[in-house]
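Okay, structure first, notes after.
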Amino acid sequence: MSDTTQQDNPHGEEGSRRDFLYLTAAAFGAVGAGSVAWPLIHQMNPAADTLALSTTEVDLTPIEKGQAITVMWRGKPVFIRHRTEAEIEAARNTDLADLRDKQTDEDRVQKAEWLVMVGICTHLGCVPLGQKPSDIKGEYNGWFCPCHGSHYDESGRIRKGPAPTNLAVPDYTFLTDTTIRIG
Amino acid sequence: MGSGERKPFENPAIEWVDSRLPIFTLINKEYGVFPTPKNFNYFWNFGAIATVMLVLMILTGITLAMHYTPHADYAFESVERIMRDVNFGWLIRYMHANGASFFFIAVYIHIFRGLYYGSYKQPRELLWILGVVILLLMMATAFMGYVLPWGQMSFWGATVITNLFSAIPLVGDDIVTLLWGGFSVDNPTLNRFFALHYLLPFVLVGVVGLHVWALHVTGSNNPLGIDTKGPQDTLPFHPYYTMKDTFGILVFLIIYVAFTFFMPNSLGHPDNYIPADPLVTPAHIVPEWYFLPFYAILRAITFDVGIPFTDIVFVEAKLGGVLAMFGAIALLVALPFLDKHPARSARFRPWFKIAVLVLVLDFFILMVCGGKPAEGLWVPLAQVATLYYYAFFLVLIPLFNKFEPRLDLPPSIHEAVLSCCSKKKQCCSHPTEAA
């Protein structure tokens, strides 16, 4: 866009120059609006104090074989079940072809007797039943979500109903043989 | 809008204002002499009734907000305090809670009126679409309002509905975290829902303003669905329809007040008087009755959509349910463009008339299904009802465009109203004349 061509063809050159100015002005405006909008959107994401509550330590010693406890982690229930040999056996012998979300039991536990999962149905977020001995455990002897009828097996894998995936396994580490830290 | 010819007012105070801001001229033009078809039936009351309910909800809502505490630890308690200690708090809260139900009753009847008499058709498409926007805003507002008491149904309803967004591929979980402001429904969620529940009704007022504006450009439809052809077809809005609307509003409010005083909890769920507990899900989570048909559609999709006999899945059941539910509303937006039949009113559409009445029945069936646990025969019933809902818009309406006959339309509203020989309606025949 030299001055000479502008003089040669003032109207055409003037037009494209105007277009260029419109485009750059609009682009700057869009970037400006975006950078103002971002804080207003991002404020809705978890705040620093909410993020700070993101680990929980659990002592496993009081849980007998066959029992389960529920602990809170990030405002959500986490299921910890001390599984019996029969339950582990059943979970390991499941044919992968029968599963909607194919995952072996070995992939879902660090120690076979301890199953640790987020106790939130992957359909629409209800808490499945099956933690108390008196609860309905569903058709696969694991957990049953009463909201929309999802059945989970001994490994927390989805077997029947609308939920798309297995109960989530959170990040956790064994600090000692009988203590875990979730998160 | 412009400063065209303005007739001066006799009252000097009114004239002083009107010559500077012609608001009295506007009111007179739009609500005084506004030409309105003279053959309205009582279905045409429900726009006015819905407006009254909106005003009532805003008034009771603002007064409730003066006593409510939007914090997870205090919300439930503050609502109980409103019920027990605040002067007339029980009345204001029951008016607000039942007012939501009656607002939806009015709006659903208003939508049915529009469907049955073809009010969505050319030239009122945008008017209709603004109406659907109003419905969506109402749904969002009502949902967030129901969360505020922080009972078990509040908490778990919020959990289930916000989790709908997790069905969106790739970004779903991030969106849900953004909505929650945490990793579950908790205090940040309650806080923002309160802010939005306070805001959205005023947005609603704005869209209602556009809806009424669009109405006053095209003029009202009428039970015959034919255009007005001149002054002989219309009446001035005041006093004819101000009176008729007032009468309808009073009858409606009598029923509403009867609920508010004598059975204020009959439309709610008792579990919402249990404080929210994130560790215990109620056995049956049910939304408020006005969401049940859409909830039934959500739950009707229990199957993945993919290539049969393989593991290839295009749409998982969860996403499918969410799409079907939002699609049910989206179909309403598309309706003016799907329906090309030349007659507006179902009175002159023998097939459409049956189909639309079956759709109403279908809506009630879905409502019942939505309130039942998702098991046994309720699941296939909801699936069949969902199928009909979709087929009405996507199969029947296009078929009617091609094949449905149109009964003879009367030449004008005036002649239809005056003629005693109109086939079914003995509209103005006096017994003596008939004899």
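The values are calculated or read from the model by the stated rules, or taken from the named source; none is laboratory data. If you're wondering where the values come from, they're calculated on a predicted model, not measured in any experiment. Cβ atoms come from the backbone with ideal geometry, glycine included; neighbour counts cover every protein chain shown. Heads up: the accessible areas ignore ligands, DNA and RNA and are worked out on the full protein's heavy atoms, side chains in. Shrake-Rupley method; radii C 1.70, N 1.55, O 1.52, S 1.80 Å.
Checked against (1) facing chain A (nearest Cβ under 7 Å); (2) open to solvent by less than 10 Å² (accessible area, probe 1.4 Å); (3) not in a helix (DSSP H, G or I), B:Val185 passes all but condition (1). In segment B:339-386, of all residues being of a type in the set (A, V, I, L, M) and within 14 Å of chain A (Cβ to nearest Cβ), the one that is farthest from B:Lys402 (Cα to Cα) corresponds to B:Ala374. The listed residues are B:Tyr108, B:Tyr94, B:Tyr68, B:Tyr117, and the only one of them that is in contact with a Lys or Arg (Cβ under 8 Å, 6 or more places away or on another chain) and either acidic (Asp, Glu) or crowded, with 17+ Cβ neighbours inside 10 Å (or both) turns out to be B:Tyr117.
Residues are listed down the side, and each one gets a yes or a no for (1) away from chain A (no Cβ under 14 Å); (2) closer than 30 Å to B:His216 by Cα:
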| site | (1), (2) |
| --- | --- |
| B:Tyr240 | yes, yes |
| B:Lys244 | yes, yes |
| B:Phe247 | yes, yes |
| B:Leu250 | yes, yes |
| B:Tyr256 | yes, yes |
| B:Phe262 | yes, no |
| B:Ser266 | yes, no |
| B:Ile274 | yes, no |
| B:Asp277 | no, no |
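A Cβ distance below 7 Å, combined with a sequence gap of six or more or placement on separate chains, defines the contacts here; from segment A:73-98, residues that are on the phi > 0 side of the Ramachandran plot reach residues that are open to solvent by 70 Å² or more (accessible area, probe 1.4 Å) and modelled with pLDDT under 90 in the pairs A:Arg74/A:Leu53. In the set B:Pro223, B:Pro201, which member is part of a helix (DSSP H, G or I) and open to solvent by less than 70 Å² (accessible area, probe 1.4 Å)? B:Pro201 is the lone residue from the list that is part of a helix (DSSP H, G or I) and open to solvent by less than 70 Å² (accessible area, probe 1.4 Å). Within segment B:415-433, is there a residue that is modelled with pLDDT of 50 or more, outside any loop (DSSP other than H, G, I, E, B) and of a type in the set (Lys, Arg)? Within segment B:415-433, none of the residues are modelled with pLDDT of 50 or more, outside any loop (DSSP other than H, G, I, E, B) and of a type in the set (Lys, Arg). Filtered by the rule that a residue be open to solvent by less than 20 Å² (accessible area, probe 1.4 Å) and either touching a Cys at 6+ places or on another chain (Cβ under 9 Å) or aliphatic (A, V, I, L, M) (or both), segment A:163-183 gives A:Ala163, A:Leu167, A:Ile180, A:Ile182.
The number of residues in segment B:287-315 that are assigned to a loop (DSSP other than H, G, I, E, B) and buried (at least 23 other Cβ atoms within 10 Å of the Cβ) comes to 1. Screening B:Phe193 with (1) more than 10 Å from chain A (Cβ to nearest Cβ); (2) out of contact with any Leu (no Cβ under 7 Å at 6 or more places or on another chain); (3) buried (at least 22 other Cβ atoms within 10 Å of the Cβ) gives one miss only, at (2). In the set B:Ala167, B:Ala142, only one residue is out of contact with any strand residue (DSSP E or B) (no Cβ under 7 Å at 6 or more places or on another chain), within 9 Å of chain A (Cβ to nearest Cβ) and in contact (Cβ under 8 Å) with a residue 12 or more places away in the chain; that residue is B:Ala167. Taken over segment A:129-155, residues that are more than 14 Å from chain B (Cβ to nearest Cβ), open to solvent by less than 10 Å² (accessible area, probe 1.4 Å) and in contact (Cβ under 8 Å) with a residue 40 or more places away in the chain amount to 2. Inside segment B:317-338, residues that are open to solvent by less than 30 Å² (accessible area, probe 1.4 Å) and under 22 Å from B:Arg406 (Cβ atoms) make up a count of 2.
So that you can scan it fast, the table gives a plain yes or no per residue for (1) aromatic (Phe, Trp, Tyr); (2) in contact with a helix residue (DSSP H, G or I) (Cβ under 8 Å, 6 or more places away or on another chain); (3) surrounded by 14 or more Cβ atoms within 10 Å (Cβ to Cβ):
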position	(1), (2), (3)
B:Asn11	no, no, no
B:Ile23	no, yes, no
B:Ile27	no, no, no
B:Pro35	no, yes, yes
B:Asn45	no, yes, yes
B:Ser78	no, no, yes
B:Asn87	no, no, no
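Here the strands (runs of 3 or more DSSP E) wholly within segment A:50-128 that include at least 1 residues being more than 11 Å from every other protein chain (Cβ to nearest Cβ), within 30 Å of B:Leu179 (Cβ to Cβ) and open to solvent by 80 Å² or more (accessible area, probe 1.4 Å) are A:56-59. Listed by first and then second residue, the pairs linking a residue in segment B:295-307 that is away from every other protein chain (no Cβ under 12 Å) to a residue that is crowded, with 19+ Cβ neighbours inside 10 Å and β-branched (Val, Ile, Thr), with Cβ atoms under 7 Å apart and 6 or more places separating them unless they lie on different chains, are B:Ile297/B:Thr386.
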